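*Asks:* My structure is below; once you've seen it, I'll send some questions.
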Number of protein chains: 2
Amino acid sequence: MYTVIFQPSGSRGKVEEGTPVLQAGRDLGVEIEAICGEKRTCGKCKVRVEEGFFERYGIESAADHVSKWRPVEEKFINEKRRGEGYRLSCTAKVEGDLVIFVPEESRAGGQVVRKAATDRKIEINPSINTYYVELVPPTLHDPLGDYERLVAGLKDEHGLEERPRIDYHVLRTLPDVIREAQWKVSVAIWDGDGFPEIVKVTPGKVERSLGLAVDVGTTTVAAYLCDLHTGEVLNTDSMMNPQVPYGEDVMSRITYAMSHPEDGIKKLQDAIIEGINTIAARITEAVGFTHRDILEMTIVFNTAMHHCFLGIYPEHLGLAPYAPALHHSMNIKARDLKLDFALGANVFVLPNEAGFVGADNVGVLIAEAPYNQDEKVLIIDIGTNGELIMGNRKELISSSCATGPALEGAHIKYGMRAAPGAIEKIYINPETKEPRYKVIGKEEWSDQIPQGEIGTKGICGSGIIDAIAELFKAGIIDKTGKFVKGMDEQYERIRRGDDGMEYVLAWADETSIHQDVVITIKDVRSVQLAKGALYAGAKIMMQKLGYESLDKVILAGAFGSFIDREESLVIGMFPDVPIAQAYAVGNAAGDGARMALLDKTKRAEADEWARKVEYIELSVEPKFEKEFMMAMHLPHMKDKFGHLAEVLEGEGLDGLVKA
Amino acid sequence: MYTVIFQPSGSRGKVEEGTPVLQAGRDLGVEIEAICGEKRTCGKCKVRVEEGFFERYGIESAADHVSKWRPVEEKFINEKRRGEGYRLSCTAKVEGDLVIFVPEESRAGGQVVRKAATDRKIEINPSINTYYVELVPPTLHDPLGDYERLVAGLKDEHGLEERPRIDYHVLRTLPDVIREAQWKVSVAIWDGDGFPEIVKVTPGKVERSLGLAVDVGTTTVAAYLCDLHTGEVLNTDSMMNPQVPYGEDVMSRITYAMSHPEDGIKKLQDAIIEGINTIAARITEAVGFTHRDILEMTIVFNTAMHHCFLGIYPEHLGLAPYAPALHHSMNIKARDLKLDFALGANVFVLPNEAGFVGADNVGVLIAEAPYNQDEKVLIIDIGTNGELIMGNRKELISSSCATGPALEGAHIKYGMRAAPGAIEKIYINPETKEPRYKVIGKEEWSDQIPQGEIGTKGICGSGIIDAIAELFKAGIIDKTGKFVKGMDEQYERIRRGDDGMEYVLAWADETSIHQDVVITIKDVRSVQLAKGALYAGAKIMMQKLGYESLDKVILAGAFGSFIDREESLVIGMFPDVPIAQAYAVGNAAGDGARMALLDKTKRAEADEWARKVEYIELSVEPKFEKEFMMAMHLPHMKDKFGHLAEVLEGEGLDGLVKA
């Protein structure tokens, strides 16, 4: 066992010899970015080994306290950085006492959470009802059992004709609780499967019955604490998904589970369960309750997070033909999942549609309910995958596009999550080719702040869309995404870098990472691939349904709420609609979870429509490849501004794409 | 920590200073009799502190290695024994290294189990059905989820229209199991509550589906391993109830739980759960299966054992008005009880009738089904309490008599459980007043074996009934139970002892405990109280039902199987019926558990009749006391033999009792 100290956090502790530094960080609560799931392909987990630190304390040099340099590290760490002690923390192993510095760009966490509860009209018809009863204590002439006495009271005072079951753990404590309460108790009855069950008995009259709706995103866990009888959102809270240290995206986590067959899935499950227990304690205590007051939880996530939450080994989900373990919803006792809620609490897991279309998409589906509408709707939920639902009450289809994580900022040279320091809005002057931008955490634009105080760190998803659209509008890149020839000779910001042509968005002295933040030709290509997949997916779906046009486009998800609708149209992310008919609805997946919590008929709807929506596997569609190639192009424009204005007023970009 | 060695078993280990010797025994696996639950009232836990033993090994004397003599011990240990080092092990505490000798009469365990499965006609209609399916693996064009694929297979191949739920833990392993099995699996579906659930998925075709029926007696746990599809009993097994070390009777265990509020109930629950896990492993392995193959268990017990099994604090059951936590049956996941069966296995707990009439009596009820008969039946289930059911299809009532444990051999000076060395049959020559007897474990009668080889240790329940009846028939005691005056002057075996008059059944040299085994006047009184309670209870019930006579008397329980019907009539244990109409049915409670396992309609019957049977609380019946006083007498007889013969041919003893 060796001592490892992480700077600048100062976290320290003992780890076993041979532990990768990244793992040591996890063990000691230091979150280092690990986008690729330790496949040594992302290079995000760079750390600096602080040699000599121990020497100050009379301890030998740390130089040989870490495993040997490996060739794979050369891909991400240049000679100069290597000289400064930089290593890939997934690759370098602890072989002695160490001090490790985690540079700002390698630190995970600190994310801005943009998943507030949206104000939606929800019917109140929960699966939990709470009844107050005052019972007559038993006597020698009336020695009826406690449970039967309770059942009789429920019948006499509330007309409950059907005898509810009682949860075993509630039964165990019943004799004591009911006597301490002097036979005056509140009885919570769950009826989520047509066979009512007593799930909590509380002394006296309870004021509120609590439920929790949870949306587990790949990066963010959002929770809504609701009063089950009024529907009121009592509190909201969120945290970074505690599985992030095991891989930033879904495939990385599946890879992690598969490459750690002994306990990988258990670690992923434990992480999210512990996270939900933490958030449950926090969200209830803030409003004067405890996690033991939570009577039911509903939860949505993508299929991989679904499997990890349930502790189902996700190997088969990650390999063709990508069959999930199940599609249907599940009712599971909270205790079976080690969730520390009320004794008999239930967890309702929303159904999955298909291997790539999870319960979160079903949440969006029941929140937007296109199956109750006449309009031809496209709902886009952009996460690491783009998930599409199209149709109306006549017919509904769905598909999933492998957009890659580019739209979330991953696989982009300076891409990052929506966290302080991330560029989120950009404007490029078409004459001077000079940019202005806004970073998360600052109110002002970059040109209104002294350079040294901007603190730019990278670009988040909405910033990347803006950047590509602005580069195109400013004539810096053409419709194929190439940099227009000769510009690098005229403008300093346009130059040739390691990855080919690049445009400097922020000079090193505007940043906190002391490097120029650039958009590279590779970044442009990644976004083209992503938006091309979305666009082509939507086109194929329109063909399937025989649609000539759409009536509206709904952007769901945090990403959808922040991207610029005009810029999305500029780069051609989705088929043309009048701009007023393209709008964001925020965290519709979370709203779906909340609706399922408060209205049990929504659960039946979820199961019904999760199965009725026809899933289109795009990769087996013969026309997909051609559509995809075409959709990769940026829309052609006759003149940079005039025509765009026309387009945005309704003529549409759609024809132009094909032109 | 001190070392304690128990002889003659040789068990040894370290225990903490201040641990009572009885507890030290438990901790080291040495079972010492503790009938009173450590209330220092039974004196059965005597042990001998072996002083000087350590001296042989150069260790100081053990004399001061045990806590000081306490006055309460004088009640059970005379001066001579005290001098030999005898102590009450519940009272003496470890204060240094010790060697403890446990005399044979203080040793628990080694009991003869008399709970074989009776051959009864049982309908086969289990709540578990197993289906074999061969599925088509998923493809990119047919990526249906594993669970839905299984459901589709069950529908296509077996016509199961209703979609079964799936147990969460079964779902977790489904993707791996189904692929390892190459999509050919056996699916066990439980349908015990009208809402089917997949509880096990096994690769390939399974030959048998296993269920376990368990009867937890106060002293014995009996288990029957059944094939759920054929009804066949594959194996039976039994063990001493592992709760015996915490108190031999029900009230002692309730007292134990109440006097150890921090963990008493948990220890009692853990003991029985661990016991059942042990028996489940043994009973399955012996026939080539494992405990993980058990798909369902049904279980019966008295109300106190019911509460202890479920971990329900039994305080309220032990205090007036004796209301149980519940009457109804329960379905509980085996894992919620820490029972290690198949992943999704269910435990069906049979319903209780009343605070003193438990699921075991309901087992008897559904096994004998008096509610389907025209004859006026009395069913007597003699355990620590006597439980009575009376009636027919028109009306059924039940009651419970506080017989005390005398009929099971407790509170009888030389009473013991039915174990080797226990006298079980007795004949007393009315002329010479000399006895012959049979002990458990020997084929021959006592007068056919050399005295030194008989190995008598005490008297079990059936022996006690015999002894009282024979003492009465031989004219040694009169109808009031008193010893006839002057006999002690004529016969050596009749003498005055510490507890008053006594009759020597076995001289010290016929025994393995080197003491005369006697029946005392106090013992006779205990049996009179017990049989009086039974008889009076039955009379009150007859009055309630307006019965002049009974058509049959059924003796249920191990005790009932071994007592002599004639002798029972002699002492007047139950109202008179023709002797052919009084018969024993063996362990009917266990048979009821087995019937509920194999035929789910029996479960509905159990719940229905447990509630329909009217429970008569005898202690609040105004006539009970008078009946009881009368019934204490032994039946008066004009002449000792002639008239008895007549009686046994049908005239009946009933009238005589009142004479």
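No lab work stands behind these numbers, since they all come straight from the coordinates. Bear in mind that the values here come from a model prediction, so they are computed numbers and not experimental data. Cβ placement follows ideal geometry from the backbone for every residue including glycine, while neighbour counts extend to all protein chains displayed.
*Asks:* Give, as a single signed number, the net charge of other residues whose beta carbon lies under 14 Å from the beta carbon of A:K75, with Lys and Arg counted +1 and Asp and Glu -1. Present the calculation step by step, with values, prior to reporting the outcome.
*Replies:* Numbers: positive: A:K39, A:R40, A:K44, A:K46, A:R70, A:R81, A:R82, A:R87, A:K413; negative: A:E73, A:E74, A:E79, A:D498, A:D499.
After counting each charged neighbour, the total is +4.
*Asks:* So what J values fall out for segment A:16-23 if you push phi through Karplus, 6.51 cos²θ - 1.76 cosθ + 1.60 with θ = phi - 60°, rounded to Hz, Gly and Pro as x?
*Replies:* 6, 4, x, 5, x, 4, 4, 5
*Asks:* List, shortest first and in nm to one decimal, how far the label point of A:I449 (7 Å from Cα along Cα→Cβ) is from its counterparts in the other copies.
*Replies:* 9.8
*Asks:* With both bridge residues required to lie in segment A:447-538, what share of the DSSP beta bridges run antiparallel, to the nearest 5%?
*Replies:* Details: 9 of 10 bridges.
Bridges in segment A:447-538 are about 90 percent antiparallel.
*Asks:* For the ranges A:94-102, B:522-530, B:130-138, what's the packing order if you count other beta-carbon atoms within 10 Å of each residue, average per peptide, and put the highest first?
*Replies:* Numbers: A:94-102: 20.8, B:522-530: 22.6, B:130-138: 16.4.
Taking the mean over residues of other Cβ atoms within 10 Å, the ranking is B:522-530, A:94-102, B:130-138.
*Asks:* Assuming a ≥ b ≥ c are the square roots of the Cα gyration tensor eigenvalues, decide whether chain B counts as rounded (a/c under 1.5), prolate (otherwise, with a/b larger than b/c) or oblate.
*Replies:* Oblate, because a/c is 1.5 or more while a/b does not exceed b/c.
*Asks:* Further question: Over all residues in B:326-332, what is the mean tally of Cβ atoms on other chains that come within 10 Å of each residue's Cβ?
*Replies:* Values: counts 12, 6, 7, 0, 5, 2, 4.
If you average over the peptide's residues, the count of other-chain Cβ atoms is 5.
*Asks:* For the residue pair B:R81 and B:R436, what label-to-label distance in nm results when each label sits 7 Å from Cα along the Cα-to-beta-carbon direction?
*Replies:* Inter-label distance under the simple model: 3.3 nm.
*Asks:* Return the FRET efficiency for the residue pair B:D193, A:E375: r is the Cβ-Cβ distance, R0 is 45 Å, and the value is rounded to the nearest 0.05.
*Replies:* Details: r = 44 Å, r/R0 = 0.97.
After rounding to 0.05, the efficiency reads 0.55.
*Asks:* I've got another one for you. Where the label is 7 Å out from Cα toward Cβ, how close does B:E375 come to the same position in every other copy, in nm, shortest first?
*Replies:* 8.0
*Asks:* Extension gain B:S549-B:H158, at 0.36 nm per residue separation less the Cα-Cα distance, in nm? Kindly include the intermediate steps, with their values, before the conclusion.
*Replies:* On the way: separation 391, 0.36 × 391 = 140.76 nm, distance 5.38 nm.
My answer for the length gained is 135.4 nm.
*Asks:* Another one. I need the peptides A:288-298, B:183-193 ranked by packing, meaning the mean over residues of other C-beta atoms within 10 angstrom, with the highest value on top.
*Replies:* On the way: A:288-298: 21.9, B:183-193: 20.4.
Averaged packing, sorted descending, gives the order A:288-298, B:183-193.
*Asks:* What does the structure give for B:137-147 when I average, per residue, the other chain Cβ atoms found within 10 Å of the residue Cβ? Mind showing how you got there, number by number?
*Replies:* Details: counts 2, 7, 4, 8, 3, 2, 10, 7, 13, 7, 7.
Per-residue shielding by partner chains comes out at 6.
*Asks:* Under 13 Å from the Cβ of B:S11, count the other residues' Cβ atoms, weight Lys and Arg +1, Asp and Glu -1, and hand me the total.
*Replies:* Neighbourhood net charge equals +2.
*Asks:* Measure nothing but the geometry: give the 0 to 90° angle between the long axis through the Cα atoms of A:601-612 and the longest principal axis through the Cα atoms of chain A, rounded to 10°.
*Replies:* The answer is roughly 50 degrees.
*Asks:* Turning to a different aspect of this structure: Which residues does a label at A:Y491 reach in segment A:415-457, if reach means a backbone N under 12 Å from a point 7 Å past the Cα toward the Cβ?
*Replies:* Residues passing the 12 Å test: A:427-436.
*Asks:* In terms of modelled amide H atoms, which long-range or inter-chain residues lie less than 5 Å from the amide H of B:G358?
*Replies:* The list, which skips near neighbours in sequence, is B:T303, B:E353.
*Asks:* Can you find, among B:L529, A:N392, A:N129, the residue farthest towards the positive end of the dipole of the protein assembly as shown? Put +1 on the C-beta of Lys and Arg, -1 on that of Asp and Glu.
*Replies:* Of the options given, the answer is B:L529.
*Asks:* How far apart, in nm, are the 7 Å Cα→Cβ label points at A:Q448 and B:H260?
*Replies:* Label at A:Q448, label at B:H260, 7.3 nm between them.
*Asks:* Are any of the pairs A:K39/B:K333; A:K121/A:K552; A:K121/A:K413 more than 30 Å apart by Cα-Cα distance, and if so, which?
*Replies:* Working: A:K39/B:K333 41 Å; A:K121/A:K552 20 Å; A:K121/A:K413 42 Å.
From the list (A:K39/B:K333; A:K121/A:K552; A:K121/A:K413), the Cα-Cα distance tops 30 Å for A:K39/B:K333; A:K121/A:K413.
*Asks:* What net charge is computed for the residues neighbouring A:L171, neighbours being all others with C-beta under 10 Å from the C-beta of A:L171, Lys and Arg scored +1, Asp and Glu -1? All intermediate terms of the calculation are to be shown ahead of the outcome.
*Replies:* Details: positive: A:R165, A:R172; negative: A:D146, A:D167.
Summing Lys/Arg as +1 and Asp/Glu as -1 gives 0.
*Asks:* At R0 = 41 Å, how high is the FRET efficiency between A:D64 and A:D498 if r is their beta carbon distance? Nearest 0.05 is fine.
*Replies:* On the way: r = 31 Å, r/R0 = 0.76.
The computed FRET efficiency comes out at 0.85.
*Asks:* Can you tell me how much longer the chain between A:K626 and A:A402 gets when fully stretched, taken as 0.36 nm per residue apart minus their C-alpha distance, in nm with one decimal?
*Replies:* On the way: separation 224, 0.36 × 224 = 80.64 nm, distance 1.57 nm.
Taking A:K626 through A:A402 to full extension adds about 79.1 nm, to one decimal.
*Asks:* Let me ask you something else. Would you compute, from DSSP H runs of 4+ residues alone, the mean residue ellipticity of chain B at 222 nm, taking -39500 (n - 2.57) per run and dividing by the full residue count, rounded to the nearest 500? Write down the numbers at each step before the final one.
*Replies:* Numbers: 19 runs with 190 residues, N = 659.
So the helix-based figure for chain B works out to -8500 deg cm²/dmol.
*Asks:* Across peptide A:311-324, how many C-beta atoms of other chains are within 10 Å of each residue C-beta, on average? Numbers along the way, then the final one.
*Replies:* Values: counts 5, 8, 4, 1, 3, 7, 2, 0, 0, 4, 8, 3, 15, 8.
Across A:311-324, the average partner-chain Cβ count within 10 Å equals 5.
*Asks:* Taking +1 at the Cβ of each Lys and Arg and -1 at the Cβ of each Asp and Glu, which of A:M330, B:I32, A:L98 sits farthest along the dipole of the protein assembly as shown towards its positive end, judged by Cα position relative to the Cα centre?
*Replies:* A:L98
*Asks:* Which of the peptides A:206-216, B:504-514, A:153-163 is most tightly packed, and how do the rest follow, going by the mean number of other Cβ atoms within 10 Å of each residue? The partial results should precede the final answer.
*Replies:* Details: A:206-216: 24.5, B:504-514: 18.0, A:153-163: 14.0.
Going by the mean number of other Cβ atoms within 10 Å, highest first, we get A:206-216, B:504-514, A:153-163.
*Asks:* By DSSP, what percent of the beta bridges with both residues in chain B are antiparallel, rounded to the nearest 5? Don't skip to the answer; put the middle values down first.
*Replies:* Working: 71 of 105 bridges.
Antiparallel bridges make up about 70 percent of those DSSP assigns within chain B.
*Asks:* Hey, which residue of B has the C-beta nearest the axis mapping B onto A, and what's the distance in Å?
*Replies:* Nearest to the symmetry axis by Cβ: B:F195, 3.
*Asks:* How high is the relative contact order of segment A:433-556? Use alpha-carbon pairs under 8 Å, at least six apart in sequence, and give a whole percent. Could you put the intermediate results ahead of the total?
*Replies:* Values: 118 pairs, mean separation 24.6, N = 124.
With pairs under 8 Å counted, the relative contact order is 20 percent.
*Asks:* For A:L634, list long-range residues whose amide hydrogen, built 1.01 Å from N in the peptide plane, is under 5 Å from its own amide hydrogen.
*Replies:* A:T480, A:G481
*Asks:* Collect residues whose amide H, placed 1.01 Å from N in the peptide plane, falls under 5 Å from the amide H of B:T298; neighbours closer than 5 in sequence don't count.
*Replies:* Under 5 Å from the amide H of B:T298 lie the amide H atoms of B:L212, B:A213, B:V214, B:F348, each far enough along the sequence or on another chain.
*Asks:* Using a 4.7 Å Cβ cut-off, which Cys residues in the protein assembly as shown lack a partner cysteine?
*Replies:* A:C45, A:C90, A:C226, A:C308, A:C401, A:C460, B:C45, B:C90, B:C226, B:C308, B:C401, B:C460
*Asks:* Sticking with this one: Return the loop-located trypsin sites (Lys or Arg not before Pro) in segment B:341-395 (DSSP other than H, G, I, E, B) with at most 14 other Cβ atoms within 10 Å of their own Cβ; answer none if there are none.
*Replies:* Values: sites: B:K376, B:R393, B:K394; in loops: B:K376, B:R393, B:K394.
Qualifying residues, ordered by number: B:R393, B:K394.
*Asks:* Something else now. What does the extension gain come out to for B:W507 and B:T41, with contour length at 0.36 nm per residue minus their alpha carbon separation? Display every interim value, and only then the final one.
*Replies:* Details: separation 466, 0.36 × 466 = 167.76 nm, distance 2.63 nm.
Contour length minus Cα-Cα distance gives 165.1 nm.
*Asks:* With the crude spin-label approximation of a point 7 Å out along Cα→Cβ, what separation in nm comes out for B:E285 versus B:A320?
*Replies:* Simple spin-label model gives 5.0 nm for this pair.
*Asks:* Then there is this: Give me the percent relative contact order of chain A, please, defined on Cα pairs under 8 angstrom at least 6 residues apart. Intermediate results must be reported in sequence, preceding the final value.
*Replies:* Details: 1452 pairs, mean separation 80.6, N = 659.
Answer for chain A is 12 percent.
*Asks:* From the backbone phi of segment A:439-454, what are the Karplus-calculated ³J(HN,Hα) couplings (6.51 cos²θ - 1.76 cosθ + 1.60, θ = phi - 60°) in whole Hz, Gly and Pro given as x?
*Replies:* Using θ = phi - 60°, the values come out as 9, 5, x, 10, 6, 7, 7, 4, 7, 9, 10, x, 3, x, 9, 5 Hz.
*Asks:* Shifting gears a bit: Relative to the other copies, what are the label-point distances for B:D509, with labels 7 Å from Cα along the C-beta vector, expressed in nm at one decimal and sorted shortest first?
*Replies:* 11.9
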